[in-house]
Amino acid sequence: MISTKLFFEEALKPIKESEVETLFAKICEEQQSIGFYSLPTDSARTVDNIYKFILSNNAVYKGKIKNLVLLGIGGSSLGTKAVDCALKHSKNRNDINLIFLENCDPNEVGALLSGVKAKDTLFIMISKSGSTIETTSLAKYVIAKFFKTIENPRLKKRFLIITDEDSPLDRFGKEFGLERFYIAPNVGGRFSVLSAVGLLPLAILGYDIRKLLLGAAKFKKSFFDANEFEMIKKALYYVHNYEKYPINVLFSYSSSLDKLTAWYVQLWAESLGKIDKDGKNVGLTPIGLVGSVDQHSFLQLIVEGPKNKSVTFVKVKEFKNNSKIPNITIKNLEKTDFVNGLNLADLLNAQCEATLETLVEKNIPVDIIELDTLNEESIGALIFYYELLTAIAGKAFDINTYDQPGVEFGKRKLFEKLSKK
């Protein structure tokens, strides 16, 4: 599934075992009240409702649905985008065009919806609060463009809602008879990918959401069986040294993990950038990179720039595609023939290992997460790993990991500006 290894063990020695155990106990206590912890093991009802909906909507399996349009932003879209990007090579992925309407950029919205028709499209509006301004605005645009009015009876067949129960959006859906799926009130948006927020669209796309949850559940069990103390030490090291190493880099060696790094950036930044109980601004700045592409850009800064970054590598041990580099010699390029005959995946992983070894030699805090392969179980485990790591770091900072007051300031300012017009 996934395995981890730290390469800065010497730097961890000042961390006391009692500190690790205390933090572990705090996380065990926190799981009783914070909803994302229970999603891997307590989502059977949600999963059953999702598959019941899909089976009753035969259009999904009869090829009538060509487009799935998700209206949501941040935690309402990034998780689904991350999983689909990681697994879109899977044979069980349905031939459905996945479209994300996130930003109110008129050029992008127009381009994304070009050629889309209501008769072969399913729209899912996702907003935990039910009143996210970008999502609500885009929903109004979609309803006017494809259904003309809210009263159009076709809206019931083509427009779904995911939100908190009894939110304004839920009440709207109830009034007009729209299919609704709920997010538990104690599950924050950026921690919601393993809830209906991610599970519903991913199931419609054909992914095995039970295996996704199983991967997360296995890692959850391993952690709460006290088998993952290394990740607690890693979080403590980050927090103890956040002024020396304020930047955390996630270096994923697979293009399929590109969107997962974007999901990590939101999770890490919005959860950990806070004012602590002493009134001090704390946090860790996330950077998402993809290898080997960013070896030719950002790596230079890591190696010879300021030594203010820690780096986590993500490596896929086995790719199902065994494409090889042909045994061809190109005139004047003979010096590249040393890689002839290698699988492309072997070259990629060799680049990962070489870069990792370089950073270790430069005394940069480095660790690696290895996935056996890219499938629902490994991605589920990786998602839960990062949700847990974020929760642990937040608890070590002694902050509220699950609010976002800085975001709310901007929302209020926007309301003030536009309500005066």
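The values are calculated or read from the model by the stated rules, or taken from the named source; none is laboratory data. In this text the structure is predicted, and so the values were computed from the model without any measurement. When we count neighbours, we look across all protein chains shown, and the Cβ atoms used for this are built from the backbone with ideal geometry, even at glycine.
Going by the structure shown, is S222 under 16 Å from the mean Cα position of the chain (by Cα), over 30 Å from S56 (Cα atoms) and either assigned to a helix (DSSP H, G or I) or of a type outside the set (F, W, Y) (or both)? Can you show your working first?
Working: under 16 Å from the mean Cα position of the chain (by Cα): no; over 30 Å from S56 (Cα atoms): yes; either assigned to a helix (DSSP H, G or I) or of a type outside the set (F, W, Y) (or both): yes.
Taking the combined requirement at face value, the residue does not satisfy it.
Of all residues in the range 387-421, which are under 28 Å from E30 (Cβ atoms) and modelled with pLDDT under 80? Walk me through how you get there before you give the answer.
Taking the range 387-421 as the starting set, the residues that turn out to be under 28 Å from E30 (Cβ atoms) are 387-411.
Those that are under 28 Å from E30 (Cβ atoms) and modelled with pLDDT under 80: Q404, P405, G406, V407, E408, F409, G410, K411.
Pick out the one residue from E165, E151, E134, E175 that is under 15 Å from L70 (Cβ atoms) and surrounded by fewer than 20 Cβ atoms within 10 Å (Cβ to Cβ). Give the steps one after another, and end with the answer.
Working: E165 fails: under 15 Å from L70 (Cβ atoms); E151 fails: under 15 Å from L70 (Cβ atoms); E175 fails: under 15 Å from L70 (Cβ atoms).
On inspection, the qualifying residue turns out to be E134.
Within the set of pairs 6 or more residues apart or between chains, which connect a residue that is in a loop (DSSP other than H, G, I, E, B) inside the range 380-404 to a residue that is at pLDDT 95 or above and of a type in the set (A, V, I, L, M) with Cβ atoms less than 6 Å apart?
That search, which allows pairs on different chains as well, returns T401/A391.
Do you know which residues across the range 246-269 are in a loop (DSSP other than H, G, I, E, B) and buried (at least 18 other Cβ atoms within 10 Å of the Cβ)? I'd like the intermediate steps shown before the answer.
Initial filter on the range 246-269 (in a loop (DSSP other than H, G, I, E, B)): 246, 254.
S254 - this is the single residue of the range 246-269 that is in a loop (DSSP other than H, G, I, E, B) and buried (at least 18 other Cβ atoms within 10 Å of the Cβ).
Working carefully through the options E334, E318, E376, E387, find the one that is touching a helix residue (DSSP H, G or I) at 6+ places or on another chain (Cβ under 6 Å), farther than 28 Å from P246 by Cα and in the same structural domain as K26 (by TED's automatic domain parsing). Lay out the reasoning, then the answer.
Details: E334 fails: touching a helix residue (DSSP H, G or I) at 6+ places or on another chain (Cβ under 6 Å); E318 fails: touching a helix residue (DSSP H, G or I) at 6+ places or on another chain (Cβ under 6 Å); E387 fails: farther than 28 Å from P246 by Cα.
That would be E376, the only listed residue that is touching a helix residue (DSSP H, G or I) at 6+ places or on another chain (Cβ under 6 Å), farther than 28 Å from P246 by Cα and in the same structural domain as K26 (by TED's automatic domain parsing).
This table checks each residue for (1) more than 22 Å from the chain's Cα centre (by Cα); (2) closer than 22 Å to A381 by Cβ; (3) surrounded by fewer than 16 Cβ atoms within 10 Å (Cβ to Cβ).
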position	(1), (2), (3)
K244	yes, no, yes
S271	no, yes, no
G279	yes, no, yes
I287	no, no, no
S297	yes, no, yes
E318	no, yes, yes
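Quick check: is even one residue across the range 311-324 in contact with a Cys (Cβ under 8 Å, 6 or more places away or on another chain) and in contact (Cβ under 8 Å) with a residue 60 or more places away in the chain?
Step one: list which residues in the range 311-324 are in contact with a Cys (Cβ under 8 Å, 6 or more places away or on another chain), which gives 313, 315.
Pick out the ones that are also in contact (Cβ under 8 Å) with a residue 60 or more places away in the chain and you get 313, 315.
There is at least one residue in the range 311-324 that is in contact with a Cys (Cβ under 8 Å, 6 or more places away or on another chain) and in contact (Cβ under 8 Å) with a residue 60 or more places away in the chain.
Can you spot a residue in the range 200-208 that is touching an Asp or Glu at 6+ places or on another chain (Cβ under 7 Å), farther than 30 Å from F8 by Cα and assigned to a strand (DSSP E or B)?
no
Within the range 144-158, is even one residue closer than 26 Å to R190 by Cα and either in a loop (DSSP other than H, G, I, E, B) or among the β-branched types (V, I, T) (or both)?
Our first condition is that a residue be closer than 26 Å to R190 by Cα; within the range 144-158, this holds for 158.
Pick out the ones that are also either in a loop (DSSP other than H, G, I, E, B) or among the β-branched types (V, I, T) (or both) and you get none.
Checking the range 144-158: not a single residue is closer than 26 Å to R190 by Cα and either in a loop (DSSP other than H, G, I, E, B) or among the β-branched types (V, I, T) (or both).
In the range 65-77, is there at least one residue being modelled with pLDDT of 95 or more and among the charged types (D, E, K, R)? Give the steps one after another, and end with the answer.
Step one: list which residues in the range 65-77 are modelled with pLDDT of 95 or more, which gives 67-71.
Subsequent filtering for residues that are among the charged types (D, E, K, R) retains none.
Checking the range 65-77: not a single residue is modelled with pLDDT of 95 or more and among the charged types (D, E, K, R).
Inside the range 9-100, counting only helices (runs of 4 or more DSSP H) that do not spill past its ends, which hold 2 or more residues that are assigned by TED's automatic domain parsing to the domain that holds P365, touching a Phe, Trp or Tyr at 6+ places or on another chain (Cβ under 9 Å) and surrounded by 13 or more Cβ atoms within 10 Å (Cβ to Cβ)? Step through it out loud before you land on a result.
Details: elements: 9-12, 17-30, 44-56, 78-87.
By residue number, 9-12, 17-30.
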